[in-house]
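A quick write-up on the structure given underneath.
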């Protein structure tokens, strides 16, 4: 249930970004599902190893690149 709600929220944000010309045209549902999956994997992985790893900057950079944002913006 949570993944579906997060995916829908991400898809809405992606559609808004496309409409504003901030990201290239793409299938918002597919992009959103991919990002939700990536977020889940990246954030759960470090918790299982009990390491204190700051993964957020890398996750943000990955997500922006996946959406088509050019590197000078990350």
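Using 0.36 nm per residue, how much length does the chain from residue 64 to residue 30 gain when fully extended, once their Cα-Cα distance is taken away?
10.8 nm
How tilted is helix 28-49 with respect to the longest principal axis of the chain? Cα atoms for both, answer in degrees (0 to 90, nearest 10).
It works out to around 10 degrees.
Of (i) 14.7; (ii) 12.8; (iii) 13.1, which is the value of Kirkwood radius over Cα pairs in Å derived from the coordinates here?
Only one listed value fits the structure, namely (iii).
Please give the length that would be gained between residue 22 and residue 55 if that part of the chain were fully extended, namely 0.36 nm times their separation in residues minus their C-alpha to C-alpha distance (nm, one decimal).
Between residue 22 and residue 55, full extension yields 9.4 nm more.
Using alpha-carbon pairs under 8 Å, 6+ residues apart, how would you state the relative contact order of region 1-47 in percent?
Once normalised by length, the contact order is 40 percent.
Taking the number of other C-beta atoms within 10 Å as the exposure measure, put 22, 41 in order starting with the fewest.
Ascending number of Cβ neighbours within 10 Å: 41, 22.
Laboratory data are not the source of any read-out in this text; all were calculated from the coordinates shown. What you see is a predicted model; the values in this text were computed from it and never measured. Every residue, glycine as well, gets a Cβ built from its backbone with ideal geometry; the counts of neighbours run over all protein chains shown.
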